[in-house]
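The values are calculated or read from the model by the stated rules, or taken from the named source; none is laboratory data. Given the structure is predicted, the values throughout are model-derived calculations rather than measurements. Cβ: placed from backbone, ideal geometry, glycine included. Neighbour counts: every protein chain shown.
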Amino acid sequence: MAFNFMLPLRITQFILGLLVLGLEAYVASWWNRFTLYRSPDRVNFLIFAGIWTALIVVPFLTLTPRFFPRAAHPFAILAIEAVTMVFWFAGFIAHAVFVANLLFCRGNVCRCAQAATVFAAFEWVLFTATTIMAIMHVMRTRNGGRSKRNPQMEVQTRLASQPNSLPCDAGMACSRFLDHTHGVLRGVMKVHRLHYYDTNLIPRLPLWLSHILRPPSCRGGLAKDLQSGAE
C-alpha cells in the first residue's frame, strides 16, 4: 500500500500554524500591555495567517477530499494553496524585517517573535511544496482531457459510441411511426381493392422514409424491412 505523505504534511502545517498563532498572540499581548501603542501590523498579520491556516485551510484541505469530494475541485484547492503560500511568504518576510529593525529586542517576547518568524518561514516552505503538488495535479487533470474538452465534441463522441442513445431512439420512434403508417395504408389499399402497383408501391413509401430517418448506427437492412412489409 502506498504511503500517504500528504497527511503528515497537513498535520505539520496545522501544528506550525498553531505555534505561530500562539507565539504571536503572546507578542501582541505583551506589546499592548507594556507599550503605549497597539500591536504592530506585522504581528497581527501572522496571527491572522495562523488562524487562517489552522482553523480554515488545513481542515478544509484535509476533510473535503475525503468526505465532500464534489467540493474538492482541483482549481479551488490550487487557489487556496497558492493564496495561503503568498500569505506566509509576505508574513514571514515582513515580520523578519520588523524584528531585525527593532532597537530593543531582549527577553522572552523577543525570542518568541524570532521563533514565530522561523516557524512562519517553514510554513511557507510547506505550502510552497503543497502548491506545487496542486499545480501538478491540475496539469495531470488537464492532460487527461477533463478541462479542455469541447462539450459539443464530447456529446458527439458519446453519441457515436453509444448506438442506443437519444438520437437513435428518436429515429427509431419515427421509424416505428412510419411502419405503422405503412400498415394502415396497406390495409386501406386492400379494402378498396386498388391496383397491384398502387397496393405495393404506395404503402412502401413510409418504409423508405423510415429507413432514411433512422440514424446510420440504427439502420437495419432495407431489403429486410421491405420484404417484411410486403408480406
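Quick grid of which residues meet (1) farther than 17 Å from Ile51 by Cβ; (2) surrounded by 17 or more Cβ atoms within 10 Å (Cβ to Cβ); (3) among the acidic types (Asp, Glu):
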{"position": "Ala79", "(1), (2), (3)": "yes, no, no"}
{"position": "Val83", "(1), (2), (3)": "no, no, no"}
{"position": "Val86", "(1), (2), (3)": "no, no, no"}
{"position": "Gly91", "(1), (2), (3)": "no, yes, no"}
{"position": "His95", "(1), (2), (3)": "no, yes, no"}
{"position": "Leu102", "(1), (2), (3)": "yes, no, no"}
{"position": "Asn108", "(1), (2), (3)": "yes, no, no"}
{"position": "Ala113", "(1), (2), (3)": "yes, yes, no"}
{"position": "Thr117", "(1), (2), (3)": "yes, yes, no"}
ask   = Which number in (1) at pLDDT 95 or above; (2) under 28 Å from Ile135 (Cα atoms) marks the one condition that Asn44 misses?
value = (2)
message = Given the criteria assigned to a helix (DSSP H, G or I), touching a Gly at 6+ places or on another chain (Cβ under 9 Å) and under 23 Å from Phe119 (Cβ atoms), does Ala25 qualify?
response = yes
query = Restricting attention to region 87-102, which residues are more than 32 Å from the chain's Cα centre (by Cα) and farther than 12 Å from Pro40 by Cβ?
reply = Ile93, Ala96, Ala100
ask   = Of everything in region 39-57 that's surrounded by fewer than 16 Cβ atoms within 10 Å (Cβ to Cβ) and hydrophobic (A, V, I, L, M, F, W, C), which residue is farthest from Thr84 (Cα to Cα)?
value = Leu55
ask   = Out of all the residues in region 8-22, is one or more surrounded by 14 or more Cβ atoms within 10 Å (Cβ to Cβ) and closer than 21 Å to Arg140 by Cβ?
value = yes
